[in-house]
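Structure first, commentary second.
The values are calculated or read from the model by the stated rules, or taken from the named source; none is laboratory data. Just so it is clear, the model here is predicted, and its values are computed rather than measured. Because the Cβ atoms are built from the backbone with ideal geometry, glycine has one as well, and the counts that use them run over all protein chains shown. For accessibility, only protein heavy atoms count, side chains too; no ligands or nucleic acids. Shrake-Rupley method; radii C 1.70, N 1.55, O 1.52, S 1.80 Å.
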Amino acid sequence: MRLARSLLVGWSLHFKQESRNPFFLYILIGTPLIYATMAYFLFRGGKQGDGLAAAALGTGFMGIWSLTTTAAAAALAQRRRSGLLELLVAAPLPFWAILAPITIAISALGVYSLLTSMLYVRVLYGVSLEIDDWLAFAVAVPLGILAIGMLGFMLGAAFVRFRAAWAVGNLFEFPVWTICGLLIPIAVLPAWVEPVAWLFAPTWAMNALRDAALGASTPWDDVAMCATLSVVYGVLGVLLLRFFLGAARRRGTLALS
Amino acid sequence: MTYRLRVFAIGGFLSYRALFGWLNPYLFVIILLVPSVTQILFFAYLGRAAGVEDDTFYVVGNAVVAAAVPCLFGMADTITDERYTHTLSLLVVSPASRLALFLGRAAPVAANGAIVAGFAFVVGSLVLGVSVPLSALLPLALTILVTGLACTGLGIVNASLGLRWRESALLSNLILYFLLLAAGVNVPLDLLPGWLSTIAQGLPVTHGVEAARELVAGGSLADVLPLLGAELLVGLSYAALGLFLVRLFEAQARRGASLELA
């Protein structure tokens, strides 16, 4: 009960706090606006209707990933800089229960990104997104965001030793945009890319939303993959945290990395 | 004169070192070099998906715009980092020539931009199999250098705004995104609305990218000199505007005692 309350309060606090970060809001709103505009001009003539609707979802997810990969990866470095990391590690609550709500809150801000991109293509380009399966869509959005947030949790745990974790996380921005089918169809990419893309939550989250919205095929297998990956990322993140934080505590280097 | 040269050279060198916190050069690789290449790959595949232009278009465009990243962020950081380390006030009350100070900081940033763009060009071309005529290499290097200088001019404007606005990283990103969209880097200018392609003529990178594409297509240096002249003119205009804004915002900040508050 205490753990559940901590998770909920942590998530709510960070969601409200990060919602007031102008840089985060810029990433969430600016990324879909710019990339949806580029997609519109590039695909105009060749791709209409469903294509642009899918692009709207894709650019929304690009915003989510852009924020998660930098902000979530740097979540621990930020606490270190503000002098909180040692206090948080020493708290009786398991450390994963402190970090996970932060990264999930960051990815949850992505609802702004999704809404922005869908509204933008609707208002400016007249492309409306007709949702084929509302139930699946309503389930896919939070599960997709959860899966991306847990991937951010794993990255945050993996980069705890890097003072410039935001930059290390940022390395993943374009590669994930490229291989996960957010804007570029996977069929255009080399064949070996597809199995790699399966490892990343944005692939399944995007598939789930695209299928729920456009009804090309059932979205539930993709939704299930989002749930599975959330658990896998969570377990890996906990193991990484245990390893890195244990080593840092033994050497007394938690504040020095 | 010697004093101004010292501010230009030594001040610029120290500022550049401080920019990266050169404890470990890995930051240079992960912040500037790797993303410049992954960006090329993203847009090349997006271009293939859209069926607009070939890989050469995207390699050249994104390699040249890679010069803008260190120039925009680097110049903005020369102000925001001073504020972060509480040395901005000391800088503002110092009698140092602002021209020498900012040009000193701009020179290594421009060179840095050119190096990053050159790296992106070479690696992007190798990965995607884009061939460049040997005769175009030197003119291309010159084009990249001129584009780096022009981007630094815009970077000085960006830095000056940092005197008034704390969120300079946000502004740098905003400008960079606008360059990606409107400077003919990823969307051909003839696909953009007329008003946007007109604005593009006043942006750094636009003429540099066009010159680089012409060189890769077999053009000579003489063919692209007007474009390089236009790129340089755009850059110098922004630099002059930036230095004027530095003076203006500095005076306003002193009057309002708002230097640390921005």
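The Rg/Rh ratio for chain A, using Cα coordinates for both the radius of gyration and the Kirkwood hydrodynamic radius, is 0.99.
A 1.4 Å probe run over the protein chains yields, for chain A, 42 Å² of accessible area per residue, whole-number rounding.
Chains B and A: buried accessible surface, both sides, probe 1.4 Å, rounded to 100 Å²?
Summed over both sides, the interface buries about 2900 Å².
A simple count of charges around B:Leu140, restricted to other residues whose Cβ falls under 14 Å of its Cβ and scoring Lys, Arg +1 and Asp, Glu -1, yields -3.
The mean number of Cβ atoms from other chains found within 10 Å of a Cβ in peptide A:170-178 is 5, as a whole number. When you restrict to C-alpha pairs under 8 Å that are six or more residues apart and normalise by the size of chain B, the relative contact order lands at 26 percent.
Full extension of the chain segment joining A:Asp221 with A:Val188 gains 9.6 nm, where the gain is 0.36 nm per residue of separation less the Cα-Cα distance. Across the stretch A:152-236, counting alpha-carbon atoms alone, Rg and Dmax equal 14.2, 44 Å.
Excluding A:Val89 itself, calculate the net charge of residues whose Cβ lies under 11 Å from the Cβ of A:Val89, where each Lys or Arg counts +1 and each Asp or Glu counts -1.
With Lys, Arg at +1 and Asp, Glu at -1, the net is +2.
Rounded to the nearest Hz, the phi-derived 3J(HN,Hα) couplings of the stretch A:32-42 under the Karplus curve 6.51 cos²θ - 1.76 cosθ + 1.60 (θ = phi - 60°) are x, 4, 5, 6, 5, 5, 4, 4, 4, 5, 6, where x marks glycine and proline.
Put simply, the convex hull of the Cα atoms in the stretch A:92-243 casts, on average, a shadow of 10.3 nm². Pairing the Cα long axis of helix A:2-18 with the longest principal axis of chain A, what angle in degrees results, from 0 to 90 and rounded to the nearest 10? Once rounded, one gets 60 degrees. The charge dipole of chain B, taken about its Cα centre with unit charges on the Cβ atoms of Lys, Arg (+1), Asp and Glu (-1) only, comes to about 1020 debye.
Ligands, DNA and RNA are left out, and with a 1.4 angstrom probe the accessible area of the stretch B:92-175 is 38 Å² per residue. Label positions at B:Ser97 and B:Ile10, each projected 7 Å from the Cα along the C-beta direction, are separated by 1.6 nm.
Tell me the mean residue ellipticity at 222 nm calculated for chain A from its helices only (DSSP H runs of n ≥ 4, each -39500 (n - 2.57), averaged over every residue, nearest 500).
Details: 13 runs with 188 residues, N = 257.
Counting only the DSSP helices, I get -24000 deg cm²/dmol.
Across the stretch B:1-158, Cα-Cα pairs farther apart than 24 Å form 40% of the total.
About the centre of its Cα atoms, the stretch B:1-105 shows a dipole size close to 540 debye [charges on the beta carbon of Lys, Arg (+1) and Asp, Glu (-1) only; nearest 20 debye].
Counting only alpha carbon atoms, the long axis of helix B:34-50 and the longest principal axis of chain B meet at about 40°.
For chain A, the longest principal axis of the C-alpha atoms and the axis of helix A:110-125 are separated by about 20°. Here B:Ala257 and A:Arg81 are evaluated by their C-beta separation; at R0 = 22 Å the FRET efficiency comes out at 0.20. For the stretch B:140-189, the convex hull drawn through the C-alpha positions has a volume of 77 cubic angstrom per residue.
Distance between the C-alpha centres of the stretch A:32-103 and the stretch B:199-262: 31 Å, rounded to the whole angstrom.
Burial of accessible area (probe 1.4 Å, heavy atoms of protein chains only) in the stretch B:186-204, relative to its chain alone, reaches at least 30 Å² for B:Val187, B:Leu191. Describe numerically, in nm with one decimal, the distance between label points set 7 Å from Cα along Cα→Cβ at A:Val231 and at B:Thr87. Result: 5.3 nm between the two label points.
When chain A is treated as a Gaussian network with alpha carbon springs shorter than 10 Å, the biggest mean-square fluctuation among A:Asn170, A:Asn21, A:Asn207 belongs to A:Asn21. Under the convention that each Lys and Arg Cβ holds +1 and each Asp and Glu Cβ holds -1, the size of the dipole of the protein assembly as shown around its Cα centre is about 2260 debye. Dividing the mean sequence gap of close Cα pairs (under 8 Å, 6+ apart) by how many residues the stretch B:129-235 holds gives a relative contact order of 41 percent. Neighbouring Cβ atoms from other chains, within 10 Å of the Cβ of residues in B:38-48, number 6 on average. Taking each DSSP H run with n ≥ 4 as -39500 (n - 2.57) and averaging over every residue of chain B yields -24000 deg cm²/dmol at 222 nm. Taking a quarter of the surface of the Cα convex hull of the protein assembly as shown gives a mean projected area of 25.8 nm².
Tell me the relative contact order for chain A as a rounded percent, counting alpha carbon contacts under 8 Å between residues six or more apart.
Across chain A, relative contact order equals 25 percent.
Based on the alpha-carbon gyration tensor of the stretch B:105-189, what equivalent-ellipsoid semi-axes (square roots of 5 times the eigenvalues) come out, in whole Å, largest first?
Working: eigenvalues 151, 50, 23 Å².
Each semi-axis is the square root of five times an eigenvalue, giving 27, 16, 11 Å.
Which of B:Leu140, B:Gln201, B:Ala114 sits closest to the plus end of the dipole of the stretch B:110-249, meaning its Cα is farthest towards the positive end, when Lys and Arg get +1 and Asp and Glu get -1 on the C-beta? The residue sitting most towards the positive pole is B:Ala114.
What percentage of the solvent-accessible surface of the protein assembly as shown, computed with a 1.4 Å probe over protein heavy atoms, is contributed by carbon and sulfur atoms?
So the carbon and sulfur contribution to the accessible surface is 69 percent.
The listed peptides B:160-171, A:175-186, B:220-231, ordered by packing as a protection proxy, come out as A:175-186, B:160-171, B:220-231 (highest mean of other Cβ atoms within 10 Å first). For A:Asp132, the residues whose amide H sits under 5 Å from its own are A:Ala213, A:Leu214, A:Gly215, ignoring neighbours fewer than 5 places away on the same chain, with H placed 1.01 Å from N.
Inter-chain Cβ neighbour count for A:113-120, averaged per residue, equals 0 (cutoff 10 Å, partner chain atoms only).
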